[in-house]
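Here's the structure we're looking at; comments come further down.
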Amino acid sequence: MERDSTSGLNKNLVILHFTVFIWGFTGILGALITISAVSLVWYRVLIASLSLFLYFKFNKTAIKVSRKTFLQLVCTGALVGGHWILFFASIKLSTVAVTLVCLSSITLFTAVFEPLINKKPISKLEILAGSLIVIGIITIFKFETQYTKGIIAGLISAVFASLFAIINSRQVKKYEAPVIAFYELSGAFVWISIYLLFTGGFNQTLLFKSSDLGYLLILGTICTSLAYVAGVSVMRELSAFRVALITNLEPVYGILMSFLFFGDMKKMTFGFWVGAVIILSTIFLFPIAKTQIANRKGRQ
């Protein structure tokens, strides 16, 4: 039984790492697509919702949930939509690299929010790891002052991501990941549509270039519906904090890809790299520290 559990855990870790790699590519697509952040996310969740709906129809999957759950998932969609809008806004206000590093603060927010929401004791080690990541972000903030608005948008985006990840870690215990993803992404589409309706956003700003179509389809299907379902499904075995910690590898993949596509690394100051090293070192050293502490307690 223990072997099966370990095998399942390892499988989920592989799936999560693959998913995070795909998420790292969304930053590249966000920089390549020419329309505004709100319009981009509106198309993203529309394409993702339709692709999941077609998947359910093809497989004849039942997607009925209770009214209470429906409302919860649709409202969570507001957090999902807000997260992505601010994520792409941050990219357009700064660079892919800066935005992805700011997203690393998900770890701290999850370390604080998860125990409060799930009524569990706060882990000192998780708070320490999160605090080190914030120090890294402050270091970047200090040296990359021309990207202040982009950094703020990236940090608020991380807050939203942390909250919906914690909510999903509870929902996935009761419902299948594709069903959760469908209602949340559909909810994001509804909320963004309401926002566009009240702000007069249904205008020429929604028109995209022919070169954007392929990028939007990749973003909506592979990087959203597929990756979102995979990201939610692993939460059956992994905690929201563990998922948030591994998600912080997104900057590694994203920064490497942004260098290959845009040469972003040439734009970064020394302060950016100091902050990035602090953040990424914390991500890699945290599991080691947690294992050593657990082993020490086991020997007592």
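The values are calculated or read from the model by the stated rules, or taken from the named source; none is laboratory data. Please read these numbers as outputs of a predicted model, since none were measured by experiment. FYI the Cβ positions are ideal-geometry reconstructions off the backbone, even for glycines, and counts take in every protein chain you see. Surface areas here come from the heavy atoms of the whole protein model, side chains and all, with no ligands, DNA or RNA. Shrake-Rupley method; radii C 1.70, N 1.55, O 1.52, S 1.80 Å.
Data for the structure
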read-out: Ellipticity estimate at 222 nm from DSSP helix runs (n ≥ 4, -39,500 (n - 2.57)) divided over the chain, nearest 500; value: -26500 deg cm²/dmol
read-out: Overall dimensions of segment 76-154 as given by Cα atoms, namely Rg and Dmax in Å; value: 13.8, 40
read-out: Rough spin-label spacing in nm, given labels placed 7 Å along Cα→Cβ, for Ile138 and Cys75; value: 3.4
read-out: Segment 122-129 - phi-based ³J(HN,Hα) in whole Hz, Karplus 6.51/-1.76/1.60, Gly and Pro as x; value: 6, 7, 5, 5, 5, 5, 4, 4
read-out: Exposure rank, largest accessible area first [Trp273, Trp23; 1.4 Å]; value: Trp273, Trp23
read-out: Length released on extending from Ser281 to Leu13, taking residue separation times 0.36 nm less the Cα-Cα span; value: 94.6 nm
read-out: Residues of the chain: accessible area per residue with a 1.4 Å probe, Å²; value: 49
read-out: Contour minus Cα-Cα distance for Ser36 and Thr269 (0.36 nm per residue); value: 81.2 nm
read-out: Length released on extending from Asn295 to Ser193, taking residue separation times 0.36 nm less the Cα-Cα span; value: 31.6 nm
read-out: Calculated log₁₀ intensity ratio I(q)/I(0) where the Debye formula runs over C-alpha points of segment 158-262, q = 0.24 Å⁻¹; value: -1.29
read-out: Percent accessible area from carbon and sulfur atoms, the chain, protein chains only, probe 1.4 Å; value: 69
read-out: Option label - Kirkwood radius over Cα pairs in Å computed here, alternatives (1) 18.9; (2) 19.7; (3) 20.5; value: (2)
read-out: Hits among lysines - C-alpha to C-alpha of Lys60 under 21 Å, sequence gap 8 or more where chains match; value: Lys174
